[in-house]
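Structure first, commentary second.
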Amino acid sequence: MYCYWLLLLLLLLSLVAGQDVFNGTANNQSAPKEITLSIYSYLPVPSSFKDTISSMWQDNYPNISLKFIEWDCYNEEESAQYPTADVFIFDAMFLHLFVKKGVLLPLTDFLSPDSLHDFYPFAVEAGRVNDQIYGLPQMACTTTLFHRREDTSMNNINSIEDLVSHLHTTNKEFIWKWCGGGSCSAFYLVLLQMKYGYNSRLQLPEHMNDLDGEIISRLRDLSCVSNDGPLEAFFNRTQDILVHFTEGLHSAKIQEKEDVIVQPFPFQRNQTFIPFFC
């Protein structure tokens, strides 16, 4: 995990080791007749990504068919077996593991310097291990607060304390997705970075006693007024407020999106830093 927050869900597009899917195999054999691809299923409207990729692929490689297969890097059983697709997209937190296991093909020799200018430098570095690039960034997101457009009282929420107070006062239903797991850990690290400065390297705790008590107290207050319900509960209006990653919006229908305000999560007042998950 990267300590400069910029927290990396960076989504990386990578190739399975031993395969040059564009020009044939690493042994210069003939080009394959079919390429398998696994996209990141949590993307907003995955079908639109498939349609766009298929159209562009057909224009450039009409003699090679493209087949989409399912693979979820967060699924314990699937990730333990590693991807079977030739090209696949995954969370950058798995990058070092996949490189160590020899799953990925280094892309450095296939990339011209100009080809990296389309990406932010921090995103390119997320795909680099030991001076080799193993994945290209596809998307970065951040933690967002979703609420109803007509709920103007939410416009005054500028910190965790404001949100907790608002929920206590109004008795609104609040979903904090994965509040008991990785999301809470990520919130802790973001708040730790905000407390000690964005340009400092974090000293991560080795023991429970090393955790910052003030930050733990703030997170405990937030978790006490939240529940880990499904995203659909917010979009079908049985829940009032939602905290989720940016791509959570893909669970909404078009008409529902028009009724929703999406803003970066307000960790603290006078916040000038937005933590990105790549």
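The values are calculated or read from the model by the stated rules, or taken from the named source; none is laboratory data. For clarity, every value in this text was computed on a predicted model and none was experimentally measured. So basically every Cβ, Gly included, is an ideal-geometry build from the backbone, and we count neighbours across all protein chains shown. Just so you know, the surface numbers come from the protein's heavy atoms only, side chains and all, with ligands and any DNA or RNA stripped out. Shrake-Rupley method; radii C 1.70, N 1.55, O 1.52, S 1.80 Å.
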* Structure fact -> At R0 = 25 Å the Cβ-Cβ FRET efficiency linking N60 and L116, nearest 0.05, sits at 0.80
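In Å², what does the accessible area per residue of region 91-237 work out to with a 1.4 Å probe?
Working: 8020 Å² over 147 residues.
For region 91-237, the solvent-accessible area averages 55 Å² per residue.
Taking a threshold of 30 Å on the Cα-Cα distance, which of the pairs K101/K195; K50/K101; K100/K195; K67/K101 fall above it? Each step should come with its number before you reach the end.
Numbers: K101/K195 36 Å; K50/K101 28 Å; K100/K195 34 Å; K67/K101 25 Å.
Check vs 30 Å cut-off fails for K101/K195; K100/K195.
By the scheme Lys and Arg +1, Asp and Glu -1, what is the net charge of all other residues having a beta-carbon under 13 Å from that of S153? Write down the numbers at each step before the final one.
On the way: positive: R148, R149, K172; negative: E150, D151, D162, D240.
That sum, taken over residues with Cβ under 13 Å, equals -1.
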* Structure fact -> If amide H atoms are modeled at 1.01 Å from N in the peptide plane, then the residues at a separation of 5 or more from F245, or on another chain, having amide H under 5 Å from its own are T144
* **Residue-level accessible surface for T169, protein heavy atoms, 1.4 Å, Å²** => 110
